Structures are given as C-alpha cells and as structure tokens.
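Read the figures in this text as sums done on the coordinates, not as results from a lab. Every value quoted in this text rests on a predicted model; they were computed, and no experiment measured them. Cβ placement follows ideal geometry from the backbone for every residue including glycine, while neighbour counts extend to all protein chains displayed.
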Amino acid sequence: MIRVNKIAHATYETPDLDKQTEYYTEILGLMLVAKEKDVVYLASTVDHHSVVLRRGANAQCVSLAFQIPPDADLGEFEKQVAGHGVKTRRKKDPEPSIADAVTFADPKGTTTEVFKRDAFAHQKFQSKGIVPFKLGHVAFHVTDVKKVTKFYCDVLGFRESDWMADFFSFLRCGPDHHTINLMETGSNRHFHTAFELRDWSHMHDACDLLSLHGYKLLWGPGRHGIGHNLFAYHRGPNGLITETFAELDRMNEELGYFEPRPWHRDAPQRPKVWEKDPSASNLWGILPGDEMMN
Ligand SMILES: [Fe+2]
C-alpha cells in the first residue's frame, strides 16, 4: 500500500482571524508566508505552510494534510482510498505550493488532503516567538476510537504506536511516536495541536514567553508516559489548545521498538496497551484538571 509519511499542515476555522494570526506569528513564532481574502498561511521551517487559518464562525480544526513519498503515484493512492468505499476528490492547485491533491473526509468529519511536496520553503530563522521545529501532531476527541483508528491505519497507512486502555490511540506515520492521537470521549472535535521544540531549555523559554504575554499553562510542564515527551499545554486566543513538546519517542521500524529519549521502563519499549494509570499520562505525577477536557 502507499502510506502517508508526514503531516504537512493543519487547517483551522477561527472567528477572529487577525488575533489568531498575531498569536501564531508573535507568540508561536511562525512566519506569515501567504495571505488571501479570509485565509492566512503560516510556516514553521521546511514546508511552505504548517498552519492554515480561515475565517469561520467557530474555532475548529477542519482539515489535515499529509504527504506521500516523491516516487509514489497520487492516482494510485486515490484508487487505494476509493477501494475502501471512501468518496474522493482530485484538486489541482488547491493551495499555494501544492499542485495536485486528493481530498476526502475521515470518519469523524475532518477533511484529509494528501499530496506530494515538490516545492519547499526557504525560510530564514525567526527571531521572535517560540519558533518550533515543526507541527508534530494533532489530537482529537472522537465518538468511536476503534473506527477512526482503523481508518487511519487501513486507508492512510498509519501504525499503532500505543494505546491507553481501549479509549486512547496514538498513531504514527513516520519515526515520531505519534502524529495523530484519538481519545474516545463522546464527541468529535479538536483536542490539541502540538509543536515540537528543541529541548528542555527551549520548553523553559517558551513557558516564560507565554507567561510574559498572559498565556497560562493548562497542564505541565511534565513528562508523558506514553511517548515519553516533555509537555506543556496552553490555550490560544480562539480557545483551542496548543501543546509544546520535546524528546518524543522515535520508532526504529526495522527493530520494532522506540529509541529511549531519555529513558524507558520497558527494555526495549515496544508498542503496547498501557493501563489507565496516572503514570501513562504524566510520569512526574501531576494530572490534568477539568479545563483540559473542555
Ligand atoms: Fe499531544
């Protein structure tokens, strides 16, 4: 099968486009690379854009885009998706830097865009804001975690990295422990969007910068058990949650286990089902408050 192997960007609708754009550029340190009527494109590093903001009535994540390898055939990928009974559309020049894309809806209603990247950004290092490496993962609340997990694995070629009990799956499409995570809670909606930082000192500076601008942490800093990454969560101006993280587990597919970053209790750490235990959420002990689930 043809597998997607990288998240390219996420698209959000947001009521106050200017305020959310300012948050992404001034606080997160992404670069505004293109602007159309009611749409802005924001870049982090190598990709032309990592975040798209569209003016809309409600703050929500409406679309995720993934890349397939340069030698893969987009037409064959479209047939693969249609073979699962999924209605697809082919779009020419749908967005700046993307010549050809296949789009379809996932079972929770998020539009999925798949394309081959043939134009890269040549951004200079940003000197203001947090400046993450990249968009790392997007997490969702879902009504049927097994159904959506199966869709991402069967149709897009994701692999299961870990589960928390039977209600929270962590899926990878490349070496990173998770690119999509899905938590069954009774509704289909965005949970958080995560950006990768360099290390603990970058996390530390990011927390200070957020504090300086009035953004309080919802949860963290801490270290997740599942994925072993350092984390800190806050809410952006439109109410959606942003995570900053570092030291996420990385899979060595040939060996079938995760590289320790920095240490694991299992040796080796293979994909598994974790018990619903506080240490799966935070090895350092502090659990999220109710506000994380709003
Ligand atoms: Fe996360």
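State to the nearest 20 debye the size of the charge dipole of the stretch 163-204 about its Cα centre, where the only charges are +1 on K and R beta carbons and -1 on D and E beta carbons. The partial results should precede the final answer.
Numbers: 3 positive and 5 negative charges, 20 e Å.
That gives the stretch 163-204 a dipole magnitude of about 100 debye.
So if I place +1 on the C-beta of Lys and Arg and -1 on the C-beta of Asp and Glu, and nothing else carries charge, what would the dipole magnitude of the stretch 191-294 be about its Cα centre? I want it in debye, nearest 20. Kindly include the intermediate steps, with their values, before the conclusion.
Working: 10 positive and 15 negative charges, 29 e Å.
Around 140 debye, computed over the stretch 191-294.
Can you quote the Å³ per residue value for the convex hull of the Cα atoms in the stretch 136-214, rounded to an integer?
On the way: hull volume 8.8 nm³, N = 79.
Roughly 112 Å³ of hull volume per residue.
Can you find, among 8, 25, 40, the residue farthest towards the positive end of the dipole of the stretch 1-158? Put +1 on the C-beta of Lys and Arg, -1 on that of Asp and Glu.
It is 8, whose Cα lies furthest towards the positive end.
Assuming a ≥ b ≥ c are the square roots of the Cα gyration tensor eigenvalues, decide whether the stretch 115-268 counts as rounded (a/c under 1.5), prolate (otherwise, with a/b larger than b/c) or oblate.
On the way: a/c = 1.42, a/b = 1.32, b/c = 1.08.
Because its axes are fairly even, with a/c under 1.5, the stretch 115-268 counts as rounded.
For the chain, what is the Kirkwood hydrodynamic radius in Å, using each pair of distinct C-alpha atoms? Before the final figure, lay out the partial values.
Values: mean 1/r = 0.0515 Å⁻¹.
Evaluated on the chain, it is 19.4 Å.
Sort the following peptides by mean Cβ neighbour count (other Cβ atoms within 10 Å, averaged over residues), highest first: 231-237, 33-39. Before the final figure, lay out each step's value.
Values: 231-237: 20.0, 33-39: 12.4.
Output ranking for 231-237, 33-39: 231-237, 33-39.
Which residue, chosen from 139, 175, 53, occupies the Cα position most advanced towards the positive end of the dipole of the stretch 36-191, where the dipole is computed from +1 (Lys, Arg) and -1 (Asp, Glu) charges on Cβ about the Cα centre?
Going by the charge dipole, the pick is 53.
Among 190, 228, 251, which residue has its Cα positioned farthest towards the positive end of the charge dipole of the stretch 172-287, with +1 placed on the Cβ of Lys and Arg, -1 on the Cβ of Asp and Glu, and the dipole taken about the Cα centre?
About the Cα centre, the residue reaching furthest to the positive side is 190.
Show me, for the stretch 33-40, the HN-Hα J-couplings you get by feeding each phi into the Karplus relation (A = 6.51, B = -1.76, C = 1.60, θ = phi - 60°), rounded to Hz, glycine and proline as x.
Couplings: 10, 7, 9, 10, 5, 6, 9, 10 Hz.
Could you tell me what percent of the DSSP beta bridges with both partners in the chain are antiparallel, to the nearest 5? Please report the intermediate quantities before stating the final value.
Numbers: 57 of 80 bridges.
Around 70 percent antiparallel, to the nearest 5.
Which FRET efficiency value, to the nearest 0.05, do you get for residue 120 and residue 255 by plugging their Cβ-Cβ distance into 1/(1 + (r/R0)^6) with R0 = 41 Å?
That pair, residue 120 with residue 255, gives E of 0.85.
For the chain, set up a GNM with springs between Cα atoms under 10 Å and report which of 45, 149, 88 has the largest fluctuation.
So, out of 45, 149, 88, the one fluctuating most is 88.
Under 5 Å between amide H atoms, partner at least 5 residues away or on a different chain: which partners does residue 50 have, H built in plane at 1.01 Å?
Close amide H contacts, sequence-distant or interchain: 42, 43, 44.
Between residue 127 and residue 200, what length in nm is gained on full extension when 0.36 nm per residue of separation is reduced by their alpha carbon distance? Don't skip to the answer; put the middle values down first.
On the way: separation 73, 0.36 × 73 = 26.28 nm, distance 1.87 nm.
Here the answer is 24.4 nm.
So how far, in whole Å, is the C-alpha centre of the stretch 243-294 from the one of the stretch 26-65?
29 Å
Rounded to the nearest 500 deg cm²/dmol, what is the calculated helix-only ellipticity per residue at 222 nm for the chain, with -39500 (n - 2.57) per DSSP H run of length n ≥ 4? Could the numbers behind the result be given before it?
Numbers: 5 runs with 44 residues, N = 294.
Computed mean residue ellipticity for the chain: -4000 deg cm²/dmol.
Under the rule of at least 5 residues apart or a separate chain, name every residue whose amide H is placed under 5 Å from the amide H of residue 257.
Hits under the 5 Å cutoff: 252.
Could you derive backbone 3J(HN,Hα) for the stretch 22-30 from the dihedral phi with the Karplus parameters 6.51, -1.76 and 1.60 (θ = phi - 60°), listing whole Hz in sequence and x where the residue is Gly or Pro?
4, 4, 5, 7, 7, 9, 6, x, 7
With labels modelled as points extended 7 Å from the Cα through the Cβ direction, what inter-label distance (nm, one decimal) is found for residue 82 paired with residue 264?
If labels sit at residue 82 and residue 264, their model points lie 4.1 nm apart.
From the C-alpha coordinates alone, can you work out the Kirkwood hydrodynamic radius of the stretch 199-277, in Å?
Numbers: mean 1/r = 0.0711 Å⁻¹.
Value: 14.1 Å, from the Cα pair sum.
With charges set only on the Cβ (+1 for Lys and Arg, -1 for Asp and Glu), what does the dipole of the chain come to about its Cα centre, in debye to the nearest 20? Please list the in-between numbers first.
Details: 35 positive and 40 negative charges, 83 e Å.
Dipole of the chain, to the nearest 20 debye: 400 debye.
In nm, to one decimal, how far is the residue 73 label point from the residue 144 one, both placed 7 Å along Cα→Cβ?
Result: 3.2 nm between the two label points.
How much net charge surrounds residue 102 when only the other residues with a Cβ under 12 Å from the Cβ of residue 102 are counted, with Lys and Arg +1 and Asp and Glu -1?
Details: positive: 79, 87, 89, 90, 91, 92, 116; negative: 73, 76, 78, 100, 113.
Local charge sum for residue 102: +2.
Under 5 Å between amide hydrogens, which residues at least 5 positions from residue 242 or on another chain qualify, with H placed 1.01 Å from N in the peptide plane?
Close amide H contacts, sequence-distant or interchain: 193, 234, 235, 236.
Beyond 31 Å between alpha-carbons counts as too far, so tell me which of 37/79; 6/128; 19/124; 124/147; 128/272; 92/124 fall in that bin.
Working: 37/79 34 Å; 6/128 26 Å; 19/124 24 Å; 124/147 41 Å; 128/272 40 Å; 92/124 29 Å.
Violating the 31 Å limit, Cα to Cα: 37/79; 124/147; 128/272.
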